[in-house]
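Only the coordinates and a few stated rules stand behind these numbers; no lab work does. On a predicted model such as this, the values are computed, not experimentally measured, just so you know. Because the Cβ atoms are built from the backbone with ideal geometry, glycine has one as well, and the counts that use them run over all protein chains shown.
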Amino acid sequence: MASTEDKPANKEVTSSWKDSFYNPRTGEVMGRTASSWALILLFYLVFYCFLAGMFALTMWVMLLTLDDYVPKYRDRVPYPGLVIRPNALDMSFNKSDPLKYAEYVQHLETFLRRYNDTEQEKNEDCPRGEYFMQDDTEDMTKKACRFKRGFLSLCSGLSDTNFGYSEGKPCILLKMNRIIGLKPRGDPYINCTVKRDTQIQMQYFPREGRIDKMYFPYYGKKAHESYVQPLVAVKLLLTKEDYNKELPVECRVEGTDLRNNDERDKFLGRVTFRIKVVE
């Protein structure tokens with residue numbers, strides 16, 4: 001049982017502990033008066049406002065150095081990659097079952113909507129074989145050359161809405177990635193080969209898989225809003241001997257100075273995909 005002498009000591013400890021939070025005699029809260037707390041809060045308010053102002057000023061100065069139409073640094077990817085549509089590097093389907101290739105057909109149809117005549121009539125009918133240079137124009141909005149889906153002939157989806165998949169002779173669309181200011185030298189074209197001893201017949205649209213110079217250079221997403229990449233369609237003319245086999249196909253950009261043999265980047269100027277058609 002606690003002695004009567006311990007009780008006053010306990011009261012003093014409790015009183016001291018409470019006074020550390022609020023002292024009713026001096027009016028201090030956690031050891032500081034109201035005026036002291038006000039000065040500290042004012043200091044931190046001014047301090048953080050100053051930091052926020054410095055950050056905003058720095059961002060404003062940085063944004064002044066940027067161009068809304070052209071990126072400041074464009075040396076990261078000097079050469080374009082090559083991509084295919086449908087967006088699948090491994091394709092397998094049964095040509096007798098529409099449900100098996102419906103996804104590929106729908107993907108191609110959706111992708112080609114921007115190439116419809118109603119959209120492309122808004123663009124320019126440019127002279128072939130020449131770069132469409134617009135550097136000297138004061139208008140920052142650039143014009144684009146027409147690429148109608150009809151240029152893809154049998155792979156346009158107009159005469160054959162199944163893009164050849166129903167007959168086991170599928171169409172594959174290829175395009176180069178956009179790079180601002182790119183002007184490929186020479187006469188670029190797409191060439192595809194099957195990685196096996198016996199090759200298969202292929203049809204290219206436009207003729208010989210050519211990519212005309214009039215679609216270069218590209219001026220950026222904001223300046224070139226109506227621009228669409230030129231396409232090359234490859235129709236694989238498979239026969240019964242080719243069915244039920246996985247065929248590795250490699251396509252490259254040829255006839256130009258664009259790189260297509262970089263071992264560190266398998267998609268630089270080339271693309272490899274596999275396709276299997278089941279009868």
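Long-range amide H contacts for Ser156: which residues qualify at under 5 Å (H placed 1.01 Å from N, peptide plane, sequence gap of 5 or more or a different chain)?
Answer set, sorted by chain and number: none.
Could you work out [θ]222 nm for the chain from helices alone, using -39500 (n - 2.57) per DSSP H run of at least four and dividing by all its residues? Round to the nearest 500 deg cm²/dmol. Please list the in-between numbers first.
Working: 4 runs with 63 residues, N = 279.
Only helices count here, giving -7500 deg cm²/dmol.
If you take the alpha carbon radius of gyration of the stretch 82-277 and divide it by 2.2 N^0.38 Å, what ratio comes out, to two decimals?
Output field value: 1.06.
If one puts a single equal scatterer on every Cα of the stretch 209-274 and applies the Debye formula without solvent, what log₁₀ I(q)/I(0) results at q = 0.14, 0.22, 0.28 Å⁻¹?
For the stretch 209-274 at q = 0.14, 0.22, 0.28 Å⁻¹, log10 I(q)/I(0) is -0.64, -1.09, -1.25.
Enter the angle in degrees (range 0 to 90, nearest 10) between the Cα long axis of helix 98-111 and the first principal axis of the Cα atoms of the chain, meaning the one along which they spread out most.
80 degrees
For Ser92, list long-range residues whose amide hydrogen, built 1.01 Å from N in the peptide plane, is under 5 Å from its own amide hydrogen.
It is Lys276, by chain and number.
Tell me, what is the FRET efficiency for Glu121 and Glu167 to the nearest 0.05, using R0 = 41 angstrom and their Cβ-Cβ distance as r? Show your work: numbers first, answer last.
Values: r = 31 Å, r/R0 = 0.76.
About 0.85, to the nearest 0.05.
Which pairs break 22 Å Cα to Cα here: Lys100/Lys148; Lys143/Lys222; Lys72/Lys122?
Lys100/Lys148; Lys72/Lys122
Under the classification rounded if a/c is under 1.5, otherwise prolate if a/b is larger than b/c and oblate if not, where does the stretch 145-215 fall, given a ≥ b ≥ c as square roots of the Cα gyration tensor eigenvalues?
Here the stretch 145-215 falls in the oblate category.
Rounded to the nearest 5, what is the percent of antiparallel bridges among the DSSP beta bridges in the chain?
Bridges in the chain are about 80 percent antiparallel.
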